[in-house]
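In what follows, a single structure is set out as C-alpha coordinates and then discussed.
The values are calculated or read from the model by the stated rules, or taken from the named source; none is laboratory data. Since the structure is predicted, the reported quantities are computational estimates derived from the model, not experimental observations. Here the Cβ is made from the backbone with ideal geometry for all residues, glycine too, and neighbour counts use every protein chain on show. We work out accessible area using only protein heavy atoms, side chains counted, and drop any ligands, DNA or RNA first. Shrake-Rupley method; radii C 1.70, N 1.55, O 1.52, S 1.80 Å.
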Amino acid sequence: MKTVIVTYKTILRNKRLTTILSIILCILVFAGLSIAGFTISEKGLRTDLEERNLSPDACHIFGTDWLGRDMLTRIVKGLNLSLKIGLIAAGISTMIAVMLGLCSALFGGMVDFVIIWMIDLFMSLPHLVFLVLISFAAGGGAKGVVIGVAVTHWPALARVIRAEVLQLMNTEYIQIASKLGQSNTGIMTHHLLPHIVPQFLVGMILLFPHAILHEAGLSFIGMGLSPHTPAIGIILSESMRHLSTGYWWLAVIPGACLLFMVKLFDILGENIRDWVNPKILRG
Amino acid sequence: MLEGRNLSFRYHPKKDWILKNISLTVSPGQVIGLKGMSGEGKTTLGKIMAGYLRPDSGFIQVDKYPLPKKGVSPVQMIFQHPELSVNPKWRIHKILSEGIAGNQTLLMDEFGLSPSFLNRYPHELSGGELQRIVIGRSLGKDTRYLIADEITAMLDAITQAQIWHTIMTSIKKRNIGVLAISHDENLLNRICDDCLHIRDLNN
Ligand SMILES: Nc1ncnc2c1ncn2[C@@H]1O[C@H](COP(=O)(O)OP(=O)(O)OP(=O)(O)O)[C@@H](O)[C@H]1O
Ligand SMILES: [Mg+2]
(Lines give C-alpha, C1' and ligand atoms only; values in the text may rest on other atoms or scores of the structure.)
(Ligands and ions follow the chains in the order given, each with its own letter.)
Protein backbone atom coordinates (compact mmCIF):
# COMPACT_ATOMS: atom_id res chain seq x y z
CA MET A 1 0.00 0.00 0.00
CA LYS A 2 2.74 2.37 0.99
CA THR A 3 4.61 1.79 -2.27
CA VAL A 4 1.43 2.45 -4.21
CA ILE A 5 1.04 5.83 -2.54
CA VAL A 6 4.69 6.63 -3.11
CA THR A 7 4.54 5.80 -6.83
CA TYR A 8 1.36 7.79 -7.16
CA LYS A 9 3.10 10.78 -5.61
CA THR A 10 6.16 10.47 -7.81
CA ILE A 11 3.90 10.29 -10.86
CA LEU A 12 2.19 13.48 -9.80
CA ARG A 13 5.50 15.18 -9.14
CA ASN A 14 6.97 13.97 -12.40
CA LYS A 15 5.14 16.34 -14.73
CA ARG A 16 6.66 14.71 -17.76
CA LEU A 17 5.01 11.41 -16.92
CA THR A 18 1.58 12.97 -16.34
CA THR A 19 1.99 14.77 -19.63
CA ILE A 20 2.65 11.55 -21.47
CA LEU A 21 -0.20 9.80 -19.63
CA SER A 22 -2.72 12.46 -20.60
CA ILE A 23 -1.53 12.33 -24.20
CA ILE A 24 -2.05 8.56 -24.25
CA LEU A 25 -5.46 8.93 -22.62
CA CYS A 26 -6.62 11.51 -25.19
CA ILE A 27 -5.41 9.38 -28.08
CA LEU A 28 -7.22 6.34 -26.64
CA VAL A 29 -10.50 8.28 -26.45
CA PHE A 30 -10.17 9.42 -30.06
CA ALA A 31 -9.25 5.93 -31.22
CA GLY A 32 -12.27 4.56 -29.36
CA LEU A 33 -14.53 7.14 -30.96
CA SER A 34 -13.29 6.31 -34.47
CA ILE A 35 -13.68 2.58 -33.89
CA ALA A 36 -17.19 3.14 -32.55
CA GLY A 37 -17.97 5.22 -35.63
CA PHE A 38 -16.96 2.38 -37.91
CA THR A 39 -18.59 -0.44 -36.00
CA ILE A 40 -21.84 1.11 -34.80
CA SER A 41 -24.78 -0.16 -36.84
CA GLU A 42 -26.61 2.15 -39.23
CA LYS A 43 -29.87 0.80 -37.83
CA GLY A 44 -30.00 3.58 -35.26
CA LEU A 45 -30.20 6.21 -38.00
CA ARG A 46 -33.44 4.77 -39.40
CA THR A 47 -36.67 6.49 -38.50
CA ASP A 48 -38.86 4.46 -36.20
CA LEU A 49 -42.04 6.34 -35.42
CA GLU A 50 -42.98 3.95 -32.60
CA GLU A 51 -39.89 4.95 -30.67
CA ARG A 52 -40.21 8.73 -30.93
CA ASN A 53 -38.93 11.10 -28.30
CA LEU A 54 -37.86 8.49 -25.79
CA SER A 55 -35.88 9.88 -22.90
CA PRO A 56 -32.58 8.13 -22.13
CA ASP A 57 -33.08 4.57 -20.90
CA ALA A 58 -31.26 1.23 -20.98
CA CYS A 59 -32.11 0.56 -24.64
CA HIS A 60 -31.31 4.04 -25.95
CA ILE A 61 -28.87 5.46 -23.44
CA PHE A 62 -28.91 8.91 -25.10
CA GLY A 63 -32.64 8.71 -25.95
CA THR A 64 -34.25 9.07 -29.37
CA ASP A 65 -35.33 12.10 -31.41
CA TRP A 66 -38.74 13.05 -32.83
CA LEU A 67 -38.25 10.63 -35.75
CA GLY A 68 -37.30 7.79 -33.46
CA ARG A 69 -33.63 7.78 -34.41
CA ASP A 70 -31.16 6.62 -31.78
CA MET A 71 -29.28 9.64 -30.44
CA LEU A 72 -26.18 7.66 -29.44
CA THR A 73 -25.72 6.51 -33.03
CA ARG A 74 -26.30 10.00 -34.39
CA ILE A 75 -23.87 11.57 -31.95
CA VAL A 76 -21.12 9.00 -32.58
CA LYS A 77 -21.54 9.45 -36.35
CA GLY A 78 -21.67 13.21 -35.96
CA LEU A 79 -18.52 13.40 -33.85
CA ASN A 80 -16.71 11.18 -36.35
CA LEU A 81 -17.70 13.47 -39.18
CA SER A 82 -16.49 16.44 -37.16
CA LEU A 83 -13.24 14.60 -36.52
CA LYS A 84 -12.75 13.96 -40.24
CA ILE A 85 -13.57 17.48 -41.33
CA GLY A 86 -11.48 18.91 -38.50
CA LEU A 87 -8.50 16.78 -39.52
CA ILE A 88 -8.63 17.85 -43.16
CA ALA A 89 -9.24 21.52 -42.41
CA ALA A 90 -6.59 21.73 -39.69
CA GLY A 91 -4.14 19.80 -41.89
CA ILE A 92 -4.55 22.14 -44.86
CA SER A 93 -4.43 25.20 -42.65
CA THR A 94 -1.22 24.04 -41.01
CA MET A 95 0.37 23.35 -44.41
CA ILE A 96 -0.45 26.87 -45.55
CA ALA A 97 0.94 28.28 -42.32
CA VAL A 98 4.23 26.36 -42.59
CA MET A 99 4.76 27.20 -46.25
CA LEU A 100 4.02 30.90 -45.86
CA GLY A 101 5.93 31.18 -42.59
CA LEU A 102 9.01 29.54 -44.12
CA CYS A 103 8.86 31.59 -47.32
CA SER A 104 8.40 34.79 -45.37
CA ALA A 105 11.46 34.15 -43.22
CA LEU A 106 13.73 32.64 -45.87
CA PHE A 107 13.10 34.98 -48.81
CA GLY A 108 12.51 38.20 -46.88
CA GLY A 109 12.09 41.45 -48.80
CA MET A 110 8.99 41.76 -50.93
CA VAL A 111 7.81 38.20 -50.25
CA ASP A 112 8.00 38.83 -46.53
CA PHE A 113 6.19 42.14 -46.91
CA VAL A 114 3.28 40.61 -48.83
CA ILE A 115 2.90 37.67 -46.45
CA ILE A 116 2.99 39.88 -43.37
CA TRP A 117 0.38 42.09 -44.98
CA MET A 118 -1.85 39.07 -45.59
CA ILE A 119 -1.39 37.87 -42.02
CA ASP A 120 -2.37 41.27 -40.65
CA LEU A 121 -5.34 41.47 -42.99
CA PHE A 122 -6.68 38.06 -42.01
CA MET A 123 -6.13 38.69 -38.32
CA SER A 124 -7.84 42.06 -38.29
CA LEU A 125 -11.04 40.90 -40.02
CA PRO A 126 -13.83 39.39 -37.90
CA HIS A 127 -13.24 35.68 -38.02
CA LEU A 128 -16.75 34.34 -38.28
CA VAL A 129 -17.95 36.76 -40.96
CA PHE A 130 -14.97 35.86 -43.10
CA LEU A 131 -15.55 32.19 -42.51
CA VAL A 132 -19.19 32.40 -43.54
CA LEU A 133 -18.32 34.39 -46.66
CA ILE A 134 -15.58 32.04 -47.80
CA SER A 135 -17.47 28.81 -47.20
CA PHE A 136 -20.45 30.31 -49.02
CA ALA A 137 -18.25 31.39 -51.93
CA ALA A 138 -16.64 27.94 -52.02
CA GLY A 139 -20.03 26.36 -52.59
CA GLY A 140 -21.09 25.45 -49.05
CA GLY A 141 -21.35 21.88 -47.83
CA ALA A 142 -18.45 19.91 -46.40
CA LYS A 143 -16.09 21.37 -49.02
CA GLY A 144 -17.12 24.92 -48.13
CA VAL A 145 -16.56 24.28 -44.44
CA VAL A 146 -13.13 22.74 -45.01
CA ILE A 147 -11.99 25.55 -47.31
CA GLY A 148 -13.45 28.23 -45.08
CA VAL A 149 -11.75 26.94 -41.95
CA ALA A 150 -8.45 26.18 -43.72
CA VAL A 151 -8.19 29.62 -45.33
CA THR A 152 -9.02 31.59 -42.19
CA HIS A 153 -6.95 29.77 -39.60
CA TRP A 154 -3.35 29.82 -40.84
CA PRO A 155 -2.18 33.35 -39.92
CA ALA A 156 -1.41 32.91 -36.22
CA LEU A 157 0.68 29.81 -36.82
CA ALA A 158 2.38 31.32 -39.87
CA ARG A 159 3.49 34.24 -37.74
CA VAL A 160 4.88 31.93 -35.05
CA ILE A 161 6.80 29.89 -37.61
CA ARG A 162 8.18 32.97 -39.35
CA ALA A 163 9.48 34.35 -36.05
CA GLU A 164 10.95 31.00 -35.11
CA VAL A 165 12.78 30.57 -38.43
CA LEU A 166 14.09 34.14 -38.40
CA GLN A 167 15.48 33.59 -34.93
CA LEU A 168 17.03 30.28 -35.98
CA MET A 169 18.70 31.79 -39.04
CA ASN A 170 20.50 34.20 -36.72
CA THR A 171 21.83 31.54 -34.40
CA GLU A 172 25.56 30.95 -34.36
CA TYR A 173 25.30 27.27 -35.21
CA ILE A 174 23.33 27.83 -38.40
CA GLN A 175 25.72 30.54 -39.57
CA ILE A 176 28.61 28.18 -38.83
CA ALA A 177 26.85 25.39 -40.77
CA SER A 178 26.82 27.60 -43.84
CA LYS A 179 30.55 28.35 -43.45
CA LEU A 180 31.16 24.61 -43.12
CA GLY A 181 29.71 24.25 -46.59
CA GLN A 182 26.09 23.28 -45.87
CA SER A 183 23.72 24.44 -48.61
CA ASN A 184 20.57 26.43 -47.90
CA THR A 185 18.34 23.46 -48.63
CA GLY A 186 20.53 21.30 -46.39
CA ILE A 187 20.20 23.82 -43.58
CA MET A 188 16.47 23.95 -44.12
CA THR A 189 15.92 20.19 -44.04
CA HIS A 190 18.45 19.36 -41.32
CA HIS A 191 18.28 22.34 -38.97
CA LEU A 192 15.06 24.28 -39.58
CA LEU A 193 12.37 21.71 -40.35
CA PRO A 194 13.09 19.35 -37.44
CA HIS A 195 13.00 22.39 -35.18
CA ILE A 196 9.59 23.54 -36.34
CA VAL A 197 7.96 20.10 -36.50
CA PRO A 198 6.83 20.32 -32.85
CA GLN A 199 5.36 23.79 -33.50
CA PHE A 200 3.71 22.37 -36.55
CA LEU A 201 2.16 19.43 -34.67
CA VAL A 202 1.01 21.46 -31.70
CA GLY A 203 -0.37 24.17 -33.98
CA MET A 204 -2.32 21.60 -35.94
CA ILE A 205 -3.80 19.93 -32.89
CA LEU A 206 -4.77 23.27 -31.36
CA LEU A 207 -6.46 24.15 -34.66
CA PHE A 208 -8.68 21.10 -34.35
CA PRO A 209 -11.09 22.55 -31.75
CA HIS A 210 -11.52 25.66 -33.92
CA ALA A 211 -12.19 23.63 -37.01
CA ILE A 212 -14.71 21.42 -35.24
CA LEU A 213 -16.52 24.28 -33.52
CA HIS A 214 -16.69 26.32 -36.71
CA GLU A 215 -18.00 23.36 -38.64
CA ALA A 216 -20.71 22.85 -36.01
CA GLY A 217 -21.41 26.58 -35.97
CA LEU A 218 -21.75 26.83 -39.74
CA SER A 219 -23.99 23.78 -39.87
CA PHE A 220 -26.02 25.18 -36.97
CA ILE A 221 -26.85 28.38 -38.83
CA GLY A 222 -27.53 26.37 -41.98
CA MET A 223 -24.44 27.44 -43.93
CA GLY A 224 -22.53 24.22 -43.54
CA LEU A 225 -23.34 20.56 -44.03
CA SER A 226 -26.63 19.47 -45.56
CA PRO A 227 -29.47 18.64 -43.14
CA HIS A 228 -29.33 14.93 -44.00
CA THR A 229 -25.82 14.38 -42.73
CA PRO A 230 -25.48 13.22 -39.13
CA ALA A 231 -23.44 16.20 -37.96
CA ILE A 232 -23.32 17.70 -34.50
CA GLY A 233 -24.21 21.15 -35.80
CA ILE A 234 -27.30 19.76 -37.55
CA ILE A 235 -28.35 17.78 -34.48
CA LEU A 236 -28.02 20.87 -32.32
CA SER A 237 -29.98 23.13 -34.64
CA GLU A 238 -32.78 20.54 -34.95
CA SER A 239 -32.94 20.18 -31.20
CA MET A 240 -33.56 23.92 -30.86
CA ARG A 241 -37.12 23.33 -32.02
CA HIS A 242 -37.71 20.72 -29.35
CA LEU A 243 -36.03 22.33 -26.37
CA SER A 244 -39.17 24.15 -25.24
CA THR A 245 -41.16 20.93 -25.33
CA GLY A 246 -38.99 19.42 -22.62
CA TYR A 247 -36.89 17.03 -24.71
CA TRP A 248 -33.70 18.21 -22.99
CA TRP A 249 -31.60 15.21 -24.04
CA LEU A 250 -31.73 16.22 -27.70
CA ALA A 251 -29.66 19.34 -26.99
CA VAL A 252 -27.80 18.77 -23.75
CA ILE A 253 -26.15 15.45 -24.58
CA PRO A 254 -24.82 16.30 -28.08
CA GLY A 255 -23.71 19.72 -26.81
CA ALA A 256 -21.85 18.15 -23.91
CA CYS A 257 -20.24 15.57 -26.19
CA LEU A 258 -19.04 18.27 -28.57
CA LEU A 259 -17.65 20.29 -25.70
CA PHE A 260 -15.95 17.21 -24.28
CA MET A 261 -14.24 16.41 -27.58
CA VAL A 262 -13.10 19.97 -28.14
CA LYS A 263 -11.73 20.21 -24.61
CA LEU A 264 -9.92 16.91 -25.09
CA PHE A 265 -8.13 18.25 -28.17
CA ASP A 266 -7.18 21.33 -26.23
CA ILE A 267 -5.69 19.20 -23.45
CA LEU A 268 -3.91 17.01 -25.99
CA GLY A 269 -2.39 20.05 -27.75
CA GLU A 270 -1.23 21.69 -24.53
CA ASN A 271 0.28 18.46 -23.27
CA ILE A 272 2.14 17.74 -26.48
CA ARG A 273 3.47 21.28 -26.35
CA ASP A 274 4.77 20.67 -22.84
CA TRP A 275 6.18 17.34 -23.91
CA VAL A 276 8.22 18.65 -26.85
CA ASN A 277 9.31 21.67 -24.82
CA PRO A 278 10.46 20.09 -21.59
CA LYS A 279 12.41 23.22 -20.66
CA ILE A 280 9.17 25.04 -19.92
CA LEU A 281 8.34 22.33 -17.41
CA ARG A 282 11.69 22.43 -15.70
CA GLY A 283 11.96 26.19 -15.56
CA MET B 1 48.25 33.71 -46.83
CA LEU B 2 45.08 35.11 -45.21
CA GLU B 3 45.07 38.79 -45.94
CA GLY B 4 42.76 41.59 -44.83
CA ARG B 5 43.43 44.80 -46.71
CA ASN B 6 42.26 48.31 -45.74
CA LEU B 7 39.22 47.01 -43.89
CA SER B 8 36.68 49.53 -42.62
CA PHE B 9 33.43 48.67 -40.94
CA ARG B 10 30.53 50.16 -38.99
CA TYR B 11 27.30 48.48 -37.92
CA HIS B 12 25.12 51.38 -39.03
CA PRO B 13 25.72 54.27 -41.48
CA LYS B 14 24.90 56.79 -38.73
CA LYS B 15 27.22 55.20 -36.17
CA ASP B 16 30.97 55.68 -35.71
CA TRP B 17 33.46 53.53 -37.56
CA ILE B 18 34.44 50.51 -35.50
CA LEU B 19 37.26 49.46 -37.81
CA LYS B 20 39.05 52.06 -39.90
CA ASN B 21 41.45 51.05 -42.62
CA ILE B 22 42.83 47.95 -40.92
CA SER B 23 45.27 45.62 -42.68
CA LEU B 24 46.63 42.37 -41.34
CA THR B 25 47.97 39.06 -42.61
CA VAL B 26 48.26 35.56 -41.22
CA SER B 27 50.61 33.04 -42.84
CA PRO B 28 50.06 29.27 -42.86
CA GLY B 29 51.27 27.69 -39.63
CA GLN B 30 51.59 31.08 -37.97
CA VAL B 31 49.74 32.12 -34.80
CA ILE B 32 48.89 35.82 -34.59
CA GLY B 33 47.49 37.20 -31.34
CA LEU B 34 44.97 40.03 -31.30
CA LYS B 35 44.30 41.88 -28.08
CA GLY B 36 42.44 45.02 -27.13
CA MET B 37 39.99 46.57 -24.75
CA SER B 38 36.42 45.37 -24.59
CA GLY B 39 34.32 46.89 -27.35
CA GLU B 40 37.24 47.90 -29.55
CA GLY B 41 36.07 45.62 -32.36
CA LYS B 42 38.08 42.41 -32.06
CA THR B 43 35.10 40.13 -32.59
CA THR B 44 33.93 42.35 -35.43
CA LEU B 45 37.31 42.08 -37.14
CA GLY B 46 37.31 38.31 -36.63
CA LYS B 47 33.86 37.98 -38.20
CA ILE B 48 34.97 40.04 -41.19
CA MET B 49 38.11 37.92 -41.67
CA ALA B 50 35.94 34.77 -41.56
CA GLY B 51 33.32 36.15 -43.95
CA TYR B 52 30.47 36.43 -41.42
CA LEU B 53 30.33 40.20 -42.00
CA ARG B 54 31.12 42.15 -45.16
CA PRO B 55 33.47 45.10 -44.76
CA ASP B 56 32.20 48.51 -45.92
CA SER B 57 35.51 48.92 -47.72
CA GLY B 58 38.63 46.81 -48.19
CA PHE B 59 38.77 43.10 -48.95
CA ILE B 60 39.77 39.67 -47.68
CA GLN B 61 41.92 37.28 -49.69
CA VAL B 62 43.13 33.75 -49.14
CA ASP B 63 46.13 33.03 -51.35
CA LYS B 64 45.08 35.93 -53.63
CA TYR B 65 41.48 34.62 -54.00
CA PRO B 66 38.45 36.20 -52.31
CA LEU B 67 36.49 34.14 -49.77
CA PRO B 68 33.91 31.89 -51.46
CA LYS B 69 30.31 33.11 -51.12
CA LYS B 70 28.95 29.56 -51.08
CA GLY B 71 30.30 26.22 -50.01
CA VAL B 72 32.95 25.40 -47.46
CA SER B 73 35.14 28.29 -46.38
CA PRO B 74 38.92 27.97 -45.91
CA VAL B 75 38.61 30.34 -42.94
CA GLN B 76 36.70 28.95 -39.97
CA MET B 77 35.77 30.91 -36.86
CA ILE B 78 35.39 29.50 -33.35
CA PHE B 79 33.37 31.48 -30.84
CA GLN B 80 33.45 31.93 -27.09
CA HIS B 81 30.35 29.92 -26.17
CA PRO B 82 30.47 26.37 -27.57
CA GLU B 83 26.88 25.65 -26.51
CA LEU B 84 25.70 28.29 -29.01
CA SER B 85 27.87 26.85 -31.77
CA VAL B 86 26.12 23.49 -31.93
CA ASN B 87 22.56 22.42 -32.65
CA PRO B 88 21.33 21.51 -29.14
CA LYS B 89 19.12 18.74 -30.53
CA TRP B 90 21.89 16.88 -32.35
CA ARG B 91 24.19 14.19 -31.05
CA ILE B 92 27.92 14.86 -31.14
CA HIS B 93 28.62 12.58 -34.11
CA LYS B 94 26.08 14.44 -36.21
CA ILE B 95 27.50 17.79 -35.10
CA LEU B 96 31.00 16.69 -36.09
CA SER B 97 29.83 15.30 -39.42
CA GLU B 98 28.95 18.81 -40.59
CA GLY B 99 32.64 19.68 -40.78
CA ILE B 100 34.46 16.35 -40.78
CA ALA B 101 33.98 13.78 -43.52
CA GLY B 102 36.49 11.24 -42.21
CA ASN B 103 37.09 9.15 -39.12
CA GLN B 104 35.57 10.76 -36.03
CA THR B 105 37.16 8.38 -33.55
CA LEU B 106 40.63 9.48 -34.66
CA LEU B 107 39.62 13.10 -34.15
CA MET B 108 38.26 12.36 -30.67
CA ASP B 109 41.60 10.74 -29.90
CA GLU B 110 43.52 13.75 -31.15
CA PHE B 111 41.48 15.98 -28.80
CA GLY B 112 41.76 13.65 -25.80
CA LEU B 113 38.04 12.84 -25.75
CA SER B 114 36.41 9.47 -25.22
CA PRO B 115 34.75 8.07 -28.38
CA SER B 116 31.69 7.31 -26.23
CA PHE B 117 30.97 11.07 -26.26
CA LEU B 118 30.01 10.73 -29.93
CA ASN B 119 26.61 9.41 -28.93
CA ARG B 120 25.83 12.12 -26.40
CA TYR B 121 23.95 15.38 -26.67
CA PRO B 122 25.74 18.74 -26.23
CA HIS B 123 24.24 19.39 -22.78
CA GLU B 124 25.76 16.12 -21.59
CA LEU B 125 29.31 17.46 -22.12
CA SER B 126 31.22 20.03 -20.10
CA GLY B 127 31.97 23.42 -21.63
CA GLY B 128 35.60 22.49 -22.22
CA GLU B 129 34.72 19.15 -23.80
CA LEU B 130 32.16 20.76 -26.06
CA GLN B 131 34.61 23.48 -27.11
CA ARG B 132 37.04 20.75 -28.17
CA ILE B 133 34.29 19.23 -30.29
CA VAL B 134 33.65 22.60 -31.90
CA ILE B 135 37.35 23.09 -32.59
CA GLY B 136 37.60 19.57 -34.00
CA ARG B 137 34.64 20.21 -36.27
CA SER B 138 36.34 23.29 -37.71
CA LEU B 139 39.43 21.27 -38.73
CA GLY B 140 37.98 19.78 -41.91
CA LYS B 141 40.28 19.04 -44.83
CA ASP B 142 39.62 22.42 -46.52
CA THR B 143 40.37 24.54 -43.47
CA ARG B 144 43.47 26.71 -43.90
CA TYR B 145 42.93 29.38 -41.23
CA LEU B 146 41.23 29.56 -37.85
CA ILE B 147 39.85 32.64 -36.13
CA ALA B 148 39.67 31.83 -32.42
CA ASP B 149 37.61 34.44 -30.55
CA GLU B 150 38.11 34.12 -26.79
CA ILE B 151 37.64 30.39 -27.17
CA THR B 152 38.95 29.51 -23.70
CA ALA B 153 37.85 32.60 -21.79
CA MET B 154 35.26 30.72 -19.75
CA LEU B 155 37.53 27.81 -18.78
CA ASP B 156 39.90 27.25 -15.88
CA ALA B 157 43.65 27.69 -16.40
CA ILE B 158 44.46 23.99 -16.67
CA THR B 159 41.77 23.20 -19.23
CA GLN B 160 42.76 26.34 -21.11
CA ALA B 161 46.37 25.19 -21.30
CA GLN B 162 45.34 21.69 -22.37
CA ILE B 163 43.08 22.93 -25.14
CA TRP B 164 45.67 25.30 -26.54
CA HIS B 165 48.30 22.57 -26.37
CA THR B 166 46.06 20.34 -28.51
CA ILE B 167 45.29 23.18 -30.93
CA MET B 168 48.99 23.98 -31.37
CA THR B 169 49.88 20.38 -32.29
CA SER B 170 46.84 20.04 -34.55
CA ILE B 171 47.51 23.21 -36.52
CA LYS B 172 51.23 22.51 -36.86
CA LYS B 173 50.33 19.10 -38.29
CA ARG B 174 47.92 20.64 -40.82
CA ASN B 175 49.92 23.84 -41.42
CA ILE B 176 46.92 26.00 -40.44
CA GLY B 177 47.31 29.70 -39.60
CA VAL B 178 45.54 31.09 -36.53
CA LEU B 179 44.26 34.48 -35.47
CA ALA B 180 43.84 34.20 -31.70
CA ILE B 181 41.70 36.89 -30.08
CA SER B 182 42.03 37.21 -26.31
CA HIS B 183 42.19 39.54 -23.32
CA ASP B 184 44.69 37.23 -21.71
CA GLU B 185 48.20 38.62 -22.33
CA ASN B 186 49.92 35.64 -20.71
CA LEU B 187 48.12 33.23 -22.96
CA LEU B 188 48.90 35.23 -26.07
CA ASN B 189 52.56 35.58 -25.12
CA ARG B 190 52.81 31.82 -24.73
CA ILE B 191 51.20 30.78 -28.02
CA CYS B 192 51.72 33.60 -30.50
CA ASP B 193 54.45 34.24 -33.01
CA ASP B 194 53.34 37.84 -33.14
CA CYS B 195 50.94 39.81 -30.97
CA LEU B 196 48.97 42.80 -32.25
CA HIS B 197 46.87 45.39 -30.45
CA ILE B 198 43.76 46.37 -32.32
CA ARG B 199 44.29 50.01 -31.34
CA ASP B 200 47.60 50.03 -33.22
CA LEU B 201 45.92 48.58 -36.31
CA ASN B 202 43.11 51.15 -36.41
CA ASN B 203 43.93 54.26 -38.37
N1 LIG C 1 25.42 43.45 -34.02
C2 LIG C 1 25.84 44.66 -33.62
N3 LIG C 1 25.12 45.77 -33.93
C4 LIG C 1 25.53 46.99 -33.55
N5 LIG C 1 26.65 47.22 -32.85
C6 LIG C 1 27.42 46.16 -32.50
C7 LIG C 1 27.04 44.83 -32.86
N8 LIG C 1 27.98 43.99 -32.39
C9 LIG C 1 28.89 44.74 -31.75
N10 LIG C 1 28.58 46.06 -31.82
C11 LIG C 1 29.36 47.16 -31.28
O12 LIG C 1 30.60 47.17 -31.93
C13 LIG C 1 31.65 47.44 -31.02
C14 LIG C 1 32.72 46.38 -31.14
O15 LIG C 1 32.17 45.15 -30.72
P16 LIG C 1 33.03 43.83 -30.67
O17 LIG C 1 32.14 42.73 -30.24
O18 LIG C 1 33.73 43.66 -31.96
O19 LIG C 1 34.09 44.15 -29.53
P20 LIG C 1 35.19 43.22 -28.89
O21 LIG C 1 36.50 43.90 -29.07
O22 LIG C 1 35.08 41.84 -29.40
O23 LIG C 1 34.79 43.27 -27.36
P24 LIG C 1 34.98 42.13 -26.24
O25 LIG C 1 36.40 42.13 -25.85
O26 LIG C 1 34.11 42.61 -25.11
O27 LIG C 1 34.51 40.85 -26.84
C28 LIG C 1 31.02 47.54 -29.66
O29 LIG C 1 30.93 48.91 -29.31
C30 LIG C 1 29.67 46.97 -29.81
O31 LIG C 1 28.75 47.66 -29.02
MG1 LIG D 1 34.46 39.99 -28.57
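Observations on the structure shown:
- A:VAL114 sits with roughly 70 Å² accessible to a 1.4 Å probe, with DNA, RNA and ligands left out of the calculation.
- Three-way shape label, the range A:76-281, alpha-carbon gyration tensor, a/c 1.5: prolate
- Greater than 24 Å apart at Cα, pairs in A:LYS84/B:LYS89; A:LYS179/B:LYS173; B:LYS42/B:LYS89; B:LYS70/B:LYS141; A:LYS43/A:LYS263; B:LYS20/B:LYS141: A:LYS84/B:LYS89; B:LYS42/B:LYS89; A:LYS43/A:LYS263; B:LYS20/B:LYS141
- Accessible surface, 1.4 Å probe, highest first, among residues A:TYR247, B:TYR65, B:TYR145: B:TYR65, A:TYR247, B:TYR145
- Note on B:85-96: average number of Cβ atoms from other chains within 10 Å of each residue's Cβ is 3.
- Shielding of peptide B:178-189 by partners, expressed as the average count of other chain Cβ atoms within 10 Å per residue Cβ, is 0.
- Measuring only protein heavy atoms, the 1.4 Å probe finds B:HIS12 accessible over about 80 Å².
- The range A:76-281: relative contact order as a whole-number percent, Cα under 8 Å and 6+ apart: 26 percent
- When both the range A:26-101 and the range A:206-283 are represented by their alpha-carbon centers, they are found 11 Å apart.
- Between A:ARG162, A:ARG52, A:ARG273, the Gaussian network model of chain A with springs among Cα atoms under 10 angstrom shows the greatest mean-square fluctuation at A:ARG52.
- By DSSP, the beta bridges lying fully in chain B are antiparallel in about 40 percent of cases.
- Antiparallel content of DSSP bridges confined to the protein assembly as shown, in %, to 5: 45 percent
- Theoretical ellipticity at 222 nm over chain A - DSSP helices of four or more residues, -39500 (n - 2.57) apiece, nearest 500: -25000 deg cm²/dmol
- Cα gyration tensor shape for the protein assembly as shown, rounded if a/c is under 1.5, else prolate or oblate: prolate
- Coupling constants for the range A:186-201 follow from the phi torsions by the Karplus curve (6.51 cos²θ - 1.76 cosθ + 1.60, θ = phi - 60°), and in residue order they are x, 4, 5, 6, 8, 9, 6, 4, x, 6, 9, 4, x, 4, 4, 5 Hz; glycine and proline get x.
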